[in-house]
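For reference, the structure discussed in these notes is given below.
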């Protein structure tokens with residue numbers, strides 16, 4: 001397994017069907033919240049089309065692994081089920097430190113990262129993302 | 001939110017929002033992040049607004065919708081109340097470093 005990149009803040013993973021959406025959402029988090037929260041994004045299938053990929057989600061989670069946990073933001077259908085599968089495949093010891101937030105992908109990612117930047121725990125980060133209302 | 005507790009000694013301040021779109025998303029995040037560096041309770045509201053909101057809550061600050069040229073009112077209570085009010089006024093005066 002990879003080394004932890006951060007133990008101070010919860011990390012964020014963005015999983016979209018579209019590589020462009022994932023990249024753009026990640027860029028919004030970096031510009032609006034800053035660099036202190038680790039963000040990984042993944043989107044699209046291996047052929048460059050729309051879709052999500054379990055292995056890519058796992059790799060994204062591992063790339064920003066934090067002992068404080070990882071909050072995952074997803075868009076539609078398969079993004080959620082593939083993320084659930086990816087989390088399960090991380091195995092015990094890791095899987096329980098990763099949550100999927102029931103929040104809109106872009107807004108949820110910004111809110112989650114803002115909360116995480118203050119050092120909040122995973123449950124608080126999830127709550128802030130899920131409390132978002134436009 | 002805490003208007004029912006008149007015994008709280010608030011340190012207050014205000015600064016005018018210069019950004020043409022008001023307190024939009026990016027500045028809102030900056031307000032929240034700055035407020036969280038202090039231990040005091042910190043609340044803000046836009047000029048003419050009745051309700052104070054928790055400046056440390058990203059969701060609350062994002063929804064505040066304080067407009068361009070409006071005064072952002074700030075109040076804090078706690079050990080570092082003066083410092084956080086001063087820091088937030090400075091942030092608004094710097095136009096959120098945008």
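The values are calculated or read from the model by the stated rules, or taken from the named source; none is laboratory data. Owing to the predicted nature of the structure, the values given are computational and were not obtained by experimental measurement. Note: ideal-geometry Cβ built from the backbone for every residue, glycine included; neighbour counts use all protein chains shown.
Does residue A:113 fit the bill of being touching a residue at least 40 places away in the same chain (Cβ under 8 Å), within 14 Å of another protein chain (Cβ to nearest Cβ) and not in a helix (DSSP H, G or I)? Explain how you work it out, then say what you get.
Values: touching a residue at least 40 places away in the same chain (Cβ under 8 Å): yes; within 14 Å of another protein chain (Cβ to nearest Cβ): yes; not in a helix (DSSP H, G or I): no.
The answer is no for residue A:113.
When you scan the stretch A:60-77, how many residues do you find that are in contact with a strand residue (DSSP E or B) (Cβ under 6 Å, 6 or more places away or on another chain) and under 14 Å from residue A:37 (Cβ atoms)?
Taking the stretch A:60-77 and keeping what is in contact with a strand residue (DSSP E or B) (Cβ under 6 Å, 6 or more places away or on another chain), we get A:60-61, A:63-64, A:66, A:70-75.
Restricting the remaining residues to those that are under 14 Å from residue A:37 (Cβ atoms) gives A:63-64, A:66, A:70-73.
Looking only at that region, the number is 7.
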Residue that is away from every other protein chain (no Cβ under 14 Å) and more than 30 Å from residue B:97 (Cβ to Cβ), where the choices are A:22, A:79, A:40: A:79
Number of positions in the stretch B:71-98 that are surrounded by 15 or more Cβ atoms within 10 Å (Cβ to Cβ) and modelled with pLDDT under 95: 1
Qualifying position, being crowded, with 19+ Cβ neighbours inside 10 Å and assigned to a helix (DSSP H, G or I), among A:37, A:15, A:29: A:29
Residue list for the stretch A:40-52, filter: within 13 Å of residue A:18 (Cβ to Cβ) and surrounded by fewer than 19 Cβ atoms within 10 Å (Cβ to Cβ): A:45, A:48, A:49, A:50, A:51
Qualifying residues in the stretch A:116-126 (those that are out of contact with any strand residue (DSSP E or B) (no Cβ under 7 Å at 6 or more places or on another chain) and part of a helix (DSSP H, G or I)) - the one farthest from residue A:33 (Cα to Cα): A:123
Evaluation of residue B:18 against (1) outside any loop (DSSP other than H, G, I, E, B); (2) away from chain A (no Cβ under 14 Å); (3) in contact with a helix residue (DSSP H, G or I) (Cβ under 7 Å, 6 or more places away or on another chain) (one fails), failing number: (1)
One residue from B:31, B:42, B:92, B:61 being under 28 Å from residue A:31 (Cβ atoms), assigned to a helix (DSSP H, G or I) and touching a strand residue (DSSP E or B) at 6+ places or on another chain (Cβ under 6 Å): B:92
Number of the exception - residue A:119 against (1) touching a residue at least 40 places away in the same chain (Cβ under 8 Å); (2) in contact with a helix residue (DSSP H, G or I) (Cβ under 7 Å, 6 or more places away or on another chain); (3) under 18 Å from residue B:36 (Cα atoms): (2)
Among (1) assigned to a loop (DSSP other than H, G, I, E, B); (2) within 14 Å of the chain's Cα centre (by Cα); (3) more than 14 Å from every other protein chain (Cβ to nearest Cβ), the one test that residue A:47 misses: (2)
Candidates A:71, A:103, filtered to the one that is on the phi < 0 side of the Ramachandran plot, in contact with a helix residue (DSSP H, G or I) (Cβ under 8 Å, 6 or more places away or on another chain), part of a strand (DSSP E or B) and touching a residue at least 12 places away in the same chain (Cβ under 8 Å): A:71
